[in-house]
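Inspection log for the structure reproduced underneath, given as structure tokens.
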Amino acid sequence: DLAGYRVYRSTSALTGFTLLATTEATSHRDPLEGVVYYRLTALDRAGNESAPSASVALPVLAPVLSGTITGESYLVPAHSPYTLATSLTIDGGATLHILPGVVVRVAPGAEGIVVKDGRVIARGTAERRITFTSDSARPGPGDFRSAVVIRARAGQTSALAHVTVQHGGAGLRLERGGLEVLRAEILA
């Protein structure tokens with residue numbers, strides 16, 4: 001007699017959870033800020049609520065990107081546009097999730113996102129594409145080296161869908177590992 005779910009959010013893994021939404025769906029969208037924690041409960045038709053689930057963290061990266069990430073991380077529309085002054089390396093088996101509607105601005109001459117040991121999952125939608133573009137005041141062809149470079153280990157497959165790359169020397173580069181691309185636009 002499941003009737004729906006309640007979604008709770010906090011900035012702490014243990015306390016301070018407040019009701020965010022009540023939904024019948026098995027998914028919920030939230031404009032994220034920083035690292036946030038979620039708990040879920042189930043509701044029956046009589047209004048009885050289950051015990052809360054364990055806390056689940058969602059690590060959201062800050063709008064200025066650089067260095068290396070070694071754990072699961074997210075780029076979300078609430079922080080968009082993101083800026084890459086130098087390359088951002090994915091290492092240590094990490095996964096970088098880029099959510100629909102995110103814009104990544106790459107500095108002139110930068111290499112973009114480099115997948116060394118891990119993967120990038122960037123699945124936009126037809127209505128909310130993911131865009132990689134130049135951070136130059138006057139963008140032009142070849143402003144940055146590439147949006148995404150895959151140098152991953154065997155068996156690690158990255159995925160890009162409904163992605164637009166503008167002003168890159170090479171939109172996507174695959175050197176090692178796997179890459180699944182669906183509906184990508186690469187423009188000068």
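Where only protein heavy atoms count, and the probe is 1.4 Å, what is the accessible area per residue for region 49-177 in Å²?
42 Å²
With semi-axes √(5λ) of the Cα gyration tensor in Å defined as stated, name the option among (i) 28, 22, 13; (ii) 29, 23, 18; (iii) 35, 16, 16 computed from the structure displayed.
Only one listed value fits the structure, namely (iii).
Give the Cα extents of region 69-147 along the principal axes, in whole Å, largest first.
Between the extreme Cα coordinates on each principal axis of region 69-147 lie 35, 28, 18 Å.
What's the local net charge at residue 175, with K and R +1, D and E -1, over the other residues with C-beta under 11 Å away?
Charge balance near residue 175 sits at +4.
What number comes out for the charge environment of residue 88, summing +1 per Lys or Arg and -1 per Asp or Glu over other residues with Cβ under 11 Å away?
Around residue 88, the surrounding residues sum to -1.
For a quick check of your reading of the filter: which GluC sites (Glu not before Pro) in region 1-101 sit in a DSSP loop and have no more than 16 other Cβ atoms within 10 Å?
Values: sites: 24, 33, 49, 72; in loops: 24, 33, 72.
Filter output for region 1-101: 24, 33, 72.
Mind putting a number on the dipole of region 32-128 about its Cα centre? Charges go on the C-beta only, +1 for Lys and Arg and -1 for Asp and Glu, and I need it in Debye to the nearest 20.
That gives a dipole near 140 debye.
With +1 on each Lys and Arg Cβ and -1 on each Asp and Glu Cβ, how big is the dipole of the chain about its Cα centre, in debye rounded to the nearest 20?
360 debye
Expressed as a whole percentage, what fraction of the accessible surface of the chain belongs to carbon and sulfur atoms when a 1.4 Å probe is rolled over the protein heavy atoms?
51 percent
Select from 59, 182, 3 the residue farthest towards the positive end of the dipole of the chain; place +1 on Cβ of Lys and Arg, -1 on Cβ of Asp and Glu, and compute about the Cα centre.
Ranked along the dipole, the leading option is 182.
Most mobile of 94, 42, 78 per a Gaussian network model of the chain (Cα springs, under 10 Å)?
Top of the fluctuation ranking is 42.
Distance between Cα centroids, region 1-45 to region 113-185: provide it in whole Å.
With region 1-45 and region 113-185 each reduced to a Cα centre, they are spaced 32 Å.
With no solvent and one equal point scatterer per Cα, compute the Debye intensity ratio I(q)/I(0) for region 4-48 at 0.18, 0.27 Å⁻¹ and report its log10, rounded to two decimals.
With one equal scatterer per Cα and no solvent, log10 I(q)/I(0) is -0.54, -1.01.
Would you mind calculating the relative contact order of the chain from Cα pairs under 8 angstrom and at least 6 residues apart, reporting the percent as a whole number?
Once normalised by length, the contact order is 14 percent.
Go through 80, 152, 16 and say which Cα lies farthest out towards the positive end of the charge dipole of the chain; charges sit on Cβ, +1 for Lys and Arg, -1 for Asp and Glu.
Of the candidates, 152 comes out farthest on the positive side.
The values are calculated or read from the model by the stated rules, or taken from the named source; none is laboratory data. Note that the structure is a prediction, hence the values are computed from the model and not measured. Cβ coordinates were reconstructed from backbone atoms using ideal geometry, including for glycine residues, and neighbour counts include every protein chain displayed. Just so you know, the surface numbers come from the protein's heavy atoms only, side chains and all, with ligands and any DNA or RNA stripped out. Shrake-Rupley method; radii C 1.70, N 1.55, O 1.52, S 1.80 Å.
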